[in-house]
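See structure below.
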Amino acid sequence: MKKYFAEMIGTMVLVLMGCGAAVFAGASQPFAPVGTLGVAFAFGLAVLAMVYTIGKISGCHINPAITLGLLLSKKISGKDATMYMIFQVIGAILGSAILYMLAKDSGSSTTHTGANGFAEGSMLTAFIAETVFTFIFVLVVLGVTSKGANNQFAGVAIGLALVLIHIVCIPITGTSVNPARSVGPAIFDAIEGGKALSQLWLFIVAPFLGAAISALVWKAIDTEQE
């Protein structure tokens, strides 16, 4: 159970820190905003910190898409993959609950959750973005954690890759590339009448599709099969 609880804690931290940056310091916020770049670094640094904190316990997936990519690459068992995903979602809900309690009376102009979403008429764009950027992210994870890679700096590469992805994708969907990260905020967004729950399917299907494609591509291009 230790590795499952580690995934729960790691995902909670990711959601609280990343979405918290968007809620309290994102663009147009009244709290000395850090903007898109600052929010992107918040997500990346949260992952970086967790990689070196819980990596030795669970491998620090903290993302069902990464877990799926590793499952398809035969680096994790089906039982562990299922439990990882369940505890990742629980962690995301806990992180969102804490953030909602902190933000609901703060004066933030967001729905106090950092939920993902897309504008009317831009569903295809959002789907392509989430699929492609998840593909890139999971490919980085598979590469830097593979046999023969410089694993010592895997956390740095993974964290910076997430920063880069957020810089580009935040204006499109708010950036998910992580179904758990989307589920937690969507639940609390619904409390305030938001539409994140109705759009949640995209932020589950597209990242999973991107992860599956990534696993196939990595298997095809890896020069040192495990």
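Within segment 79-115, count every residue that is small (Gly, Ala, Ser) and under 18 Å from Phe43 (Cβ atoms).
8
Can you name the condition, by its number, that Glu120 falls short on among (1) over 30 Å from Tyr100 (Cβ atoms); (2) free of Cβ contacts under 8 Å to residues at least 40 places away in the same chain?
(1) is the only condition that Glu120 fails.
When the residues of segment 60-107 are narrowed to those that are of a type in the set (Lys, Arg) and closer than 28 Å to Phe153 by Cα, which ends up surrounded by the most Cβ atoms within 10 Å (Cβ to Cβ)?
If we take residues in segment 60-107 being of a type in the set (Lys, Arg) and closer than 28 Å to Phe153 by Cα, then Lys75 is surrounded by the most Cβ atoms within 10 Å (Cβ to Cβ).
Please identify the pairs in which a residue from segment 180-207 that is of a type in the set (Lys, Arg) has its Cβ atom under 9 Å from the Cβ atom of a residue that is at pLDDT 95 or above and outside any helix (DSSP H, G or I), counting only partners at least 6 apart or on another chain.
What qualifies is Arg181/Ile62; Arg181/Asn63; Arg181/Thr175.
Is it the case, given these coordinates, that Ser182 is modelled with pLDDT of 95 or more and either under 24 Å from Gly91 (Cα atoms) or in contact with an Asp or Glu (Cβ under 9 Å, 6 or more places away or on another chain) (or both)?
Here the answer is yes, as Ser182 does meet what is asked.
Among Ile54, Ile66, which is the only one that is out of contact with any Cys (no Cβ under 8 Å at 6 or more places or on another chain) and at pLDDT 95 or above?
Going through Ile54, Ile66 in turn, just one is out of contact with any Cys (no Cβ under 8 Å at 6 or more places or on another chain) and at pLDDT 95 or above: Ile66.
Restricting to segment 185-217, count the residues that are of a type in the set (Phe, Trp, Tyr) and at pLDDT below 95.
1
With respect to the numbered conditions (1) closer than 22 Å to Ala21 by Cβ; (2) surrounded by fewer than 21 Cβ atoms within 10 Å (Cβ to Cβ); (3) of a type outside the set (A, V, I, L, M, F, W, C), which one is the sole condition not fulfilled by Ser122?
Of everything listed in (1) closer than 22 Å to Ala21 by Cβ; (2) surrounded by fewer than 21 Cβ atoms within 10 Å (Cβ to Cβ); (3) of a type outside the set (A, V, I, L, M, F, W, C), Ser122 misses just condition (1).
Please go through (1) farther than 19 Å from Leu68 by Cα; (2) touching a residue at least 40 places away in the same chain (Cβ under 8 Å) for Val168 and return the number of the only condition it doesn't satisfy.
That leaves (2) as the condition not met.
Assuming Ala149 fulfils every condition listed in (1) in contact (Cβ under 8 Å) with a residue 24 or more places away in the chain; (2) surrounded by fewer than 23 Cβ atoms within 10 Å (Cβ to Cβ); (3) assigned to a loop (DSSP other than H, G, I, E, B) apart from one, which condition is it?
Only one criterion is unmet by Ala149, namely (1).
Within the bounds of segment 27-34, is there any residue that is of a type in the set (A, V, I, L, M, F, W, C), touching a helix residue (DSSP H, G or I) at 6+ places or on another chain (Cβ under 7 Å), at pLDDT 95 or above and surrounded by fewer than 24 Cβ atoms within 10 Å (Cβ to Cβ)?
no
Which condition number in (1) surrounded by fewer than 18 Cβ atoms within 10 Å (Cβ to Cβ); (2) closer than 15 Å to Val163 by Cα; (3) touching a helix residue (DSSP H, G or I) at 6+ places or on another chain (Cβ under 6 Å) is the one that Leu37 fails?
The number of the failed condition is (3).
Filter segment 29-83 down to the residues that are farther than 17 Å from Val138 by Cα, assigned to a helix (DSSP H, G or I) and among the hydroxyl-bearing types (Ser, Thr, Tyr) and list them by number.
Of everything in segment 29-83, those that are farther than 17 Å from Val138 by Cα, assigned to a helix (DSSP H, G or I) and among the hydroxyl-bearing types (Ser, Thr, Tyr) turn out to be Thr36, Tyr52, Thr53, Thr82.
Which of the residues that make up segment 175-217 are buried (at least 24 other Cβ atoms within 10 Å of the Cβ) and part of a loop (DSSP other than H, G, I, E, B)?
Thr175, Ser176, Val177, Asn178
The values are calculated or read from the model by the stated rules, or taken from the named source; none is laboratory data. Being a predicted model, the structure only gives us computed values, none of them experimental. Using ideal geometry, Cβ is built from the backbone for each residue, glycine included, and neighbour counts are taken over all protein chains shown.
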